[in-house]
Each structure stands twice: as structure tokens, then as C-alpha cells.
């Protein structure tokens, strides 16, 4: 359904049973095997060491790994060495302008950033899927400051993604809850989201 809607990537939430959208590694490996080459496959992992992340990658075979924790930069460097052919995306949660400090820390080791609205340091850590927008002003500053591509996530929907693209100017957008009903992908919401993205992109390119 997502591929037919024209998405550029599929994301696989492999964060464990605490998430209602968790998918098992064996299922991910089956899907990545048959995903069209033109569509990227993103593994969302909660692993924090290079060896553990690499093992997760090898068991699922995605094109990209999305690292949900702010891991030790030394581990990020090691991961780049042991999995050079897998694209690496570092998630940064925009809780304040301190998010900008992550740019020089991780830029040498990753291919892109993804800005989300979780609270990893809360008593009950949130690593995404909150349905909340982050501060788009800070996100826009992050995009302007980063030499790497930046994806935007957090509370996006067909109703607000056009404004998000115009204000933040991200490389791409990422969502989950905004196109679901009762936890399942909804065809009409997915189509509306894709249309909103295309319209916003066309407007920026023609400006």
C-alpha cells in the first residue's frame, strides 16, 4: 500500500514488545527481500553499541539503519567502519536548541539526521511515535546548520505536512500515526499525505 502511494522509504519499528507497532526481525527480513530497489528500507533500532546494531542490521537486511538513542560517538564511528555499506541515520529529539549540538558530534559518522519529538531522558523514555510536533523553528535552524540531509518527524499528518515542509525545508518527512486508524495504515490518509507532500514540494520548486 505504501509503495503504491509513492513513498521513498519503508520504516520497520523493531523496538521490542513495548511498542504496539513493533515488528519482528524475521518479518522485516522477508519484507526487505521483496521491497523494490527504488524504495529504501529503514530499520529502527534501540541497540546502543556498534556490534549490537550491526547484528540487528545483518538479521534484517535493510538499506538504512535509524539509530534511536544518542549513542556514544565512538560507537557511531565503529559502526561506520564495520557496516560501511548501510546508510546510517541518527535520530535527534528536538527538546530545545541543545539539539543543534548533535550536528558536529555525529556528522562525521552518519549519512543523515532525523528530527523527532520524543523525550529519551524522561522517567519513561520516549523514542518516537508521540504524535507531537517538535519546535519547527529549531528544526528549521537545524536543517540550515547541517551539511547532511535532515528528515523531519513528529506529529505530521495530511493536514500539517505542507506547512512543515514550507517552514522547515527538510530533505524528507517521516510519519507513522498520522496515516493510521486503529493502528493500521489507512489508504485514504496515506493518499492524502502523499498528495500534500507532492503539492508542497512542487510549490517550493516553482518558487
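The values are calculated or read from the model by the stated rules, or taken from the named source; none is laboratory data. Computed from a predicted model, the values in this text were never measured in an experiment. Every residue, glycine among them, receives a Cβ derived from its backbone with ideal geometry; neighbour counts consider all protein chains shown.
A few remarks follow.
- Residue within segment 104-121 that is part of a helix (DSSP H, G or I) and more than 16 Å from the chain's Cα centre (by Cα) present: yes
- Residue count for segment 126-150 under the criterion of being in contact with a strand residue (DSSP E or B) (Cβ under 7 Å, 6 or more places away or on another chain) and either outside any loop (DSSP other than H, G, I, E, B) or within 12 Å of residue 116 (Cβ to Cβ) (or both): the result is 7.
- Checked against (1) farther than 23 Å from residue 79 by Cβ; (2) at pLDDT below 95; (3) in contact with a strand residue (DSSP E or B) (Cβ under 9 Å, 6 or more places away or on another chain); (4) surrounded by 17 or more Cβ atoms within 10 Å (Cβ to Cβ), residue 158 meets all criteria but (3).
- Here residue 153 qualifies as under 17 Å from residue 8 (Cα atoms), surrounded by 17 or more Cβ atoms within 10 Å (Cβ to Cβ) and in contact with a strand residue (DSSP E or B) (Cβ under 7 Å, 6 or more places away or on another chain).
- Residues (touching a residue at least 60 places away in the same chain (Cβ under 8 Å) and part of a helix (DSSP H, G or I)) located in segment 167-192: 187, 190, 191
- Counting only strands (runs of 3 or more DSSP E) that fall entirely inside segment 1-81 and contain at least 3 residues that are touching a helix residue (DSSP H, G or I) at 6+ places or on another chain (Cβ under 9 Å) and closer than 21 Å to residue 115 by Cα, the qualifying elements are 9-14, 40-45.
- Hits in segment 112-147 - residues which are touching a residue at least 40 places away in the same chain (Cβ under 8 Å) and loosely packed, with under 15 Cβ neighbours inside 10 Å: 131, 145, 147
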